[in-house]
Amino acid sequence: MNETWPADMRDYAALWRHEHAAWLSDISRWQAEHQAIMVDLDRLQKRVQDKGSDLRNHADAIAAHGRILAEHMQQISESHDPGGRYDEIVSHHKELVREHAEQHDAHERLKKDHYTVRAQLGMLVDTIAGAS
């Protein structure tokens, strides 16, 4: 008996070969995109590490400002009669006011940046974790 395969079976085979080729093409493109994502993640990790350095530098600046402020307040408390040092102490106080305002502004910028980065990275992590 000489039977031939049904036509629909041959049609499926052709369709499947076509789909497999398309799928392999997709995977090849996705692998290249995945490599680009890995490069982006390396850059992102570097930027996050830089943000950590920024926070440490800000903490150091705050500590230094605090020490200078403490010394200044000590000078004021010890100088019941500042005499000739009055103008110097007042000038230094004005400088400390300016520096404190700068630290305040820097702190607010870092706070906004920190919470923005934290929220965006959190959403990204949640998105990626949910996609698996």
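The values are calculated or read from the model by the stated rules, or taken from the named source; none is laboratory data. Just so it is clear, the structure is predicted and the values come from calculations on it, not from any experiment. No Cβ is skipped: glycine too gets one built from the backbone with ideal geometry, and neighbour counts run over all protein chains shown.
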Subset of the range 60-119, residues of a type in the set (Ser, Thr, Tyr), surrounded by fewer than 12 Cβ atoms within 10 Å (Cβ to Cβ) and more than 30 Å from Gln45 (Cα to Cα), comes to Ser77, Tyr86, Ser91
Please name all residue pairs, on different chains or six or more residues apart, with Cβ atoms under 6 Å, provided the first residue is in the range 76-104 and is part of a loop (DSSP other than H, G, I, E, B) and the second residue is at pLDDT below 85.
Pro82/Ile89
Of all residues in the range 39-94, how many are touching a Leu at 6+ places or on another chain (Cβ under 8 Å) and of a type in the set (Val, Ile, Thr)?
2
